[in-house]
Amino acid sequence: MPLATVAGGSIHYETAGEGLPLVLLHGIGSNSRSWRRQLAGLCSDFKVIAWDAPGYGQSSDPAGKPSMRFYADRLRGLLDALDLPRIFLLGHSTGGVVAQEFCRANAGAVEKLILADTSKRGSKSKLEERLRMIRTMTPAQLAAERGPRLLSPSAPESLVREVVSIMSEVRPERFNEIVRDFLSPLRG
């Protein structure tokens, strides 16, 4: 279980392979486990690193209400701890928002940026509905409701179960923080 101490907290990460560093940032409903197949598939070409963002997976909880800049700063700390001054960076969903913030704050640190299904846009009503679900459902209920809809209807049942399992591990406060951050520009 690789851990790095970053700004008083611990960041868990998984790594595989050697070569150019490719850092994978997960989205709101996930953790480093969601990158298992990419770690295995890309490790012959890259040194692949998948983190658990602060408050996710096996990383320690942040104090207060973290912002996207907070996550970007912790990513910088992890990269410093791993002696990785320049990287390829892939962000999925909210991980892509963190990746963009990281690029803004660390000009020149990213050789290539890949954004997958990343947007800070969305209708106010959809985001408020998501916040309502988060407030009224347990993580397991939310995962069972949303997880299968994130995949193709033809996805293998084993993959659906894996996604639901990973999503059910998310701490409720992480969902609340991210959705509130996304809603703030819409509320004016």
- Label-point separation (nm) for Ala63 and Met137, each offset 7 Å from Cα along Cα-to-Cβ? 3.4
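Calculate for the chain the 222 nm mean residue ellipticity that helices alone would give, adding -39,500 (n - 2.57) per DSSP H run of length 4 or more and normalising by residue count, nearest 500 deg cm²/dmol.
On the way: 7 runs with 82 residues, N = 188.
When only DSSP H runs of four or more count, the value is -13500 deg cm²/dmol.
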- Query: For Ile87, which sequence-distant residues (separation of 5 or more, or a different chain) have an amide H within less than 5 Å of its own amide H, given hydrogens modelled in the peptide plane?
  - Reply: Val110, Glu111
- May I ask you to evaluate 6.51 cos²θ - 1.76 cosθ + 1.60, the Karplus curve with θ = phi - 60°, for each residue of segment 20-33 and list the ³J(HN,Hα) values in order in whole Hz, giving x for glycine and proline? 4, x, 10, 9, 10, 10, 7, x, 4, x, 7, 7, 4, 4
- Task: Taking amide H positions as placed in the peptide plane 1.01 Å from N, state which residues far from Phe46 in sequence (5 or more) or on other chains have amide H under 5 Å from it.
- Result: Glu18
- Query: Does anyone have the angle between helix 94-105 and the longest principal axis of the chain? Alpha-carbon axes, 0 to 90°, nearest 10?
  - Reply: 50
- Message: For the chain, take the longest principal axis of its alpha carbons; what is the angle in degrees between that and the long axis of helix 172-187, to the nearest 10 within 0 to 90?
- Response: 80
- Query: Given springs between every Cα pair under 10 Å in a Gaussian network model of the chain, which of Gly96, Gly77, Gly29 has the largest fluctuation?
  - Reply: Gly77
- In order through segment 73-86: 3J(HN,Hα) via Karplus (6.51 cos²θ - 1.76 cosθ + 1.60), integer Hz, x for Gly, Pro: 5, 5, 4, 4, x, 5, 5, 5, 4, 8, 6, 10, x, 9
- ³J(HN,Hα), Karplus 6.51/-1.76/1.60, whole Hz, each residue of segment 42-52, x for Gly, Pro: 9, 5, 7, 10, 9, 8, 9, 10, 10, 9, 9
- Taking a ≥ b ≥ c as the square roots of the eigenvalues of the Cα gyration tensor of segment 1-120, is the shape rounded (a/c under 1.5), prolate (a/b larger than b/c) or oblate? rounded
- Estimated D of segment 1-45 in µm² per second, where Rh is the Kirkwood radius over Cα pairs and Stokes-Einstein applies at 10 °C, 1.306 mPa s: 135
- Message: How far apart, in nanometres, would the label points at Thr5 and Ala155 be if each is projected 7 angstrom from Cα along the Cα-to-Cβ direction?
- Response: 3.8
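Only the coordinates and a few stated rules stand behind these numbers; no lab work does. Treat the numbers as computed from the prediction; the structure is a model and nothing was measured. Here Cβ is always computed from backbone atoms with ideal geometry, including for glycine, and neighbour counts include all displayed protein chains.
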